[in-house]
Amino acid sequence: MRHAVFDLGSNSIKFVVAETRAGRVRILRERSIPTRLAEHLIDTAELRPEAIERTLAALRQLRAEATELGVERFRAVATSAVRDSRNRREFLRAARAVLGFPVRLLSGAEEAETIFAGVGADPYWRGRDLLILDLGGGSAEWVQGRHGRIEKRISLPLGAVRLRERFLHHYPVDSDTADLLVATIREQLRHPLAHYTLGSRRLVGTGGTATCLVAIRKVMPEFDPKKIDHSTLTIEQVRSLFHRFTGRTLPQLRAIPGLPPKRADLIIPGTAVILATMELLGAKRLHVSIRGLRYGVLTAAIHDEKAGAP
């Protein structure tokens, strides 16, 4: 059986195709297409026509790829950008028309739970005590768990696209402005994360910013998930990278090896959230996972297949 999962995020569409055979799961294709669906959402509370068209065009392309691969089962989910928009019903209708099946709109709590399931499905992390930070374009989720079970979870509108449009209007960003951004995020997180405890748990980061930090640290000319998955970054390394990004123009940021040009304007706000989280929790290391929401959706789809659900 072949499954396809479409994750309609605020900054990009993530797509994964997997085949199940004899109880084993094999990933056949994985793609991420930047669409910036949340562009200017903070100003109008609506998805802009250009952002919608970029997203629908990407869905058409990925739907065709799924057909070529012989996919039999499909699932699609939408998150923060769609959740927070006034014209979400119109967008979901348009997306369904392109895909040929409905898109499920996740609540913040459902998003956090699905992310935990996606990371936890990795044999490397299965059953371990974790505190996951998933940083997207529109929102960020923190999920604390022990022995493979969720203890606490929260979703906040602190995604990289949202923060960039809210706080960073000009580049280069000077060091004082960058430090103020971290301090502001830290204060916004202080109360929500007051009852979260790292203790013996591993802090696991998922999402584009975390994987980009590893790629930049390793000076990777091309994204290689095998070299990124399960990598670690110390808080000193994260702080050093953050300060490396300040004072640079967008063209200079785009030229950094390992940083996709279309993510250049998001690396400072995204890193600020990671750094503020590590400081608040007293985390010395960030463990990076390439898994996340799409893998949680995939895990549920495979479970339903085994259970005989349609």
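The values are calculated or read from the model by the stated rules, or taken from the named source; none is laboratory data. All figures in this text were calculated on a predicted structure; none of them were measured in a lab. Neighbour counts are summed over all protein chains in view; Cβ atoms, including those assigned to glycine, are modelled from backbone coordinates with ideal geometry. For the accessible areas, the whole protein counts, side chains as well, though only heavy atoms, and no ligand, DNA or RNA atoms are used. Shrake-Rupley method; radii C 1.70, N 1.55, O 1.52, S 1.80 Å.
Summary table below
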quantity	calculated
Percent of alpha-carbon pairs separated by more than 21 Å within region 164-248	44
Cα Rg over Rh - region 190-310, Kirkwood	1.05
Part-to-part distance (alpha-carbon centres) for region 37-51 and region 79-99, which is given in Å	12
Per residue, in Å², the accessible surface of the chain once ligands and nucleic acids are set aside, probe 1.4 Å	45
More than 19 angstrom apart: percent of Cα pairs within region 211-263	25
Relative packing of peptides 277-283, 220-226, 94-100, 267-273 - highest average C-beta neighbours within 10 Å first	267-273, 277-283, 94-100, 220-226
Cα extents of the chain along the three principal axes, largest first (Å)	54, 45, 37
Only Lys, Arg (+1) and Asp, Glu (-1) charged, at Cβ; the chain dipole about Cα centre in debye	680
Rounded D (µm²/s) - region 1-107, Kirkwood Rh over Cα pairs, Stokes-Einstein at 10 °C, 1.306 mPa s	113
Directionally averaged projected area (convex hull, Cα atoms, region 124-271), nm²	8.6
Choice from THR35, THR211, THR177 with maximal GNM fluctuation in the chain (Cα, 10 Å cutoff)	THR177
Kirkwood hydrodynamic radius of region 89-165, from inverse mean 1/r over distinct Cα pairs, in Å	13.8
Length-normalised contact order for the chain - Cα pairs under 8 Å, 6+ apart - percent	19
